[in-house]
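Down below is the structure, laid out as structure tokens.
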Amino acid sequence: MSKIQLFALLVSIAFILAIFQLVRKKKLKEQYSLMWFLIAAVITVLAVWEPLLGGISSALGISVPSNALFLLALLFLFGLALHFSMLVSRLTDQSQFLAQKLALLERDLRQRESAGGDATSTAEADDEPA
């Protein structure tokens, strides 16, 4: 095993341990950790099985296998950016929907309070936490 393979293997093992630590401390959700574990597994396989990376680079017409690895990493990062952009877009839409729903509920509450008088508004004010 060459020095570069050993280094890549140690980096992938450290990466796996870091992912476990982030999940354990609840700083990374399990659903996202699966994707990162997959990436660490791919790095590990490519580090240990050098002919695979050579075959991939030959199939892509790239003479230096490390350049093929960089290309694959770049494509992965583009895909990751697209995934998170879609996620942010969906969360933005959900936030807007919830804000609109909250505004409608507050309007309905104000209308009920004004129609019902002070008796219901005083009772509701007592139930609210300080």
Subject >> Ranked 13, 19, criterion: other C-beta atoms within 10 Å, fewest first >> reply: 13, 19
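Only counting other Cβ atoms within 10 Å, I'd like 23, 64, 11 sorted with the fewest neighbours first.
Numbers: 23 17, 64 9, 11 14.
So the ranking, lowest neighbour count to highest, is 64, 11, 23.
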Subject >> In degrees, nearest ten, helix 30-48 long axis to first principal axis of the chain (Cα) >> reply: 10 degrees
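Rounded to the nearest 500, what is the 222 nm mean residue ellipticity of the chain from helices alone, with -39500 (n - 2.57) per DSSP H run of 4+ residues and division by all residues?
Details: 5 runs with 114 residues, N = 130.
-30500 deg cm²/dmol, from helical runs alone.
Taken together, the values in this text are just the output of simple stated rules run on the coordinates, not laboratory data. Owing to the predicted nature of the structure, the values given are computational and were not obtained by experimental measurement. We place every Cβ from the backbone using ideal geometry, glycine too, and count neighbours over all the protein chains shown.
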